[in-house]
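Q: Have a look at the structure that comes next, please.
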Amino acid sequence: MVRLKISIELAYQVLDARCDFLFSIHPAITPSQQVVSEKVSISQSVPHHVFIQADDGTRWMKVRGNAGPLTVRYEGVVDIQHRVAQPGSLEEVAIADMPIDLFSYIYPSRYCQSDRFQALANHEFGNMVPGYNRVLAIRDWVNQRTRFTMGSSGGSTSALDTLTDHVGVCRDFAHLMIAVCRALNMPARFVSGIDYGADPALGPTDFHAYVEVFLSGRWYLFDPSGVSPTMGLLRLGTGRDAADVSFATVFGAVSSAPPLIAIHAIEDPEKGLELPVHQANVLSTAGVQDTHYRRVC
């Protein structure tokens with residue numbers, strides 16, 4: 001098991017008399033990821049409300065801020081018990097057998113225009129045997145053709161832009177991999193979070209984005225940017241792409257400072273706590289897909 005201690009601090013100057021915020025800074029709660037302890041502090045004396053999405057455990061916090069400085073800080077300790085699978089055991093799911101809930105993860109979305117990638121995806125990967133190795137080939141293809149460069153993209157950068165520019169940050173790597181997987185009818189989704197184990201040369205700890213692909217009835221982790229081991233990925237939000245899981249959505253006028261984020265792994269062999277490391281097995285921190293639809297005819 002991996003135990004991670006995290007802190008997130010977001011600082012704003014609210015320019016309107018009132019400003020509403022929707023934050024995704026609480027670690028998600030899943031069968032594999034549980035919160036041991038947590039604390040939220042807000043510099044203004046304003047109420048906050050936390051909501052949870054039943055299907056994937058994403059938690060949202062609503063805050064209404066007043067004019068002036070507003071600082072939101074989250075601190076928590078999270079345990080992650082990974083489900084481990086052998087790569088050779090994982091298969092793609094045929095459309096005929098796919099739960100209806102998953103179809104939104106093969107359709108195009110704002111940043112992942114999978115309908116524009118079908119010719120490319122079939123040319124590069126269409127002749128490969130379906131399964132884990134094909135997903136791994138897509139991950140490696142994205143990693144090898146894209147240069148990780150801080151500040152190289154913006155809020156409007158899509159998978160098509162990354163394909164053309166060959167440069168991006170973690171969210172761009174994720175969008176490109178998702179678009180190619182969906183073009184091959186593989187459900188793929190975007191996960192926002194924080195990562196442990198990245199090279200300090202990449203700069204201060206920041207929010208991180210990675211990918212989950214649905215294989216053999218479960219969502220499995222892939223990080224096409226390759227900046228950290230998958231064991232060190234902590235989930236905040238899950239969605240079709242970055243538009244669904246922004247760490248902060250602001251409804252009003254504000255100025256802001258860069259987020260301040262810290263993450264530490266707690267090692268204690270006697271308690272079964274280990275440090276995240278790279279490994280050959282495939283990991284999952286999501287539960288078995290639970291369909292919300294019932295067949296009626």
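The values are calculated or read from the model by the stated rules, or taken from the named source; none is laboratory data. Nothing here was measured: the structure is a model prediction, and the numbers come from that model. Quick reminder, even Gly has a Cβ in these numbers, built from the backbone with ideal geometry, and neighbours come from all protein chains shown.
Q: Does Ile194 fit the bill of being aliphatic (A, V, I, L, M), part of a strand (DSSP E or B) and touching a His at 6+ places or on another chain (Cβ under 7 Å)?
A: Yes; evaluated as a whole, the condition is true for this residue.
Q: Kindly provide the set of residues from region 187-235 that are β-branched (Val, Ile, Thr) and buried (at least 24 other Cβ atoms within 10 Å of the Cβ), ordered by number.
A: Answer for region 187-235, where residues must be β-branched (Val, Ile, Thr) and buried (at least 24 other Cβ atoms within 10 Å of the Cβ): Val191, Ile194, Val211, Val213.
Q: Of (1) within 30 Å of Glu124 (Cβ to Cβ); (2) modelled with pLDDT of 95 or more; (3) buried (at least 24 other Cβ atoms within 10 Å of the Cβ), Leu184 satisfies all except one. Which?
A: Answer for Leu184: the failing condition is (3).
Q: Would you mention how many residues in region 150-175 are in a helix (DSSP H, G or I) and touching a residue at least 12 places away in the same chain (Cβ under 8 Å)?
A: 11
Q: With the requirement that a residue be in a strand (DSSP E or B), hydrophobic (A, V, I, L, M, F, W, C) and in contact with a Ser or Thr (Cβ under 7 Å, 6 or more places away or on another chain), what does region 22-47 give you?
A: Within region 22-47, Leu22 is the sole residue that qualifies.
Q: Also, I was wondering about something else. Give me the pairs: first residue in region 64-77 and over 26 Å from Ile29 (Cβ atoms) and touching a residue at least 24 places away in the same chain (Cβ under 8 Å), second residue among the small types (Gly, Ala, Ser) and assigned to a strand (DSSP E or B), beta-carbon distance under 7 Å, and six or more apart or on different chains, which are they?
A: If the second residue must be among the small types (Gly, Ala, Ser) and assigned to a strand (DSSP E or B), the pairs left are Ala67/Ala17.
Q: Taking region 51-76, which residues are among the charged types (D, E, K, R), more than 19 Å from the chain's Cα centre (by Cα) and within 20 Å of Phe251 (Cβ to Cβ)?
A: Lys62, Arg64
Q: Identify all residues within region 48-94 that are in contact with a strand residue (DSSP E or B) (Cβ under 8 Å, 6 or more places away or on another chain), of a type outside the set (S, T, N, Q), outside any strand (DSSP E or B) and surrounded by fewer than 17 Cβ atoms within 10 Å (Cβ to Cβ); write none if there are none.
A: Hits for region 48-94 are Pro87, Glu91.
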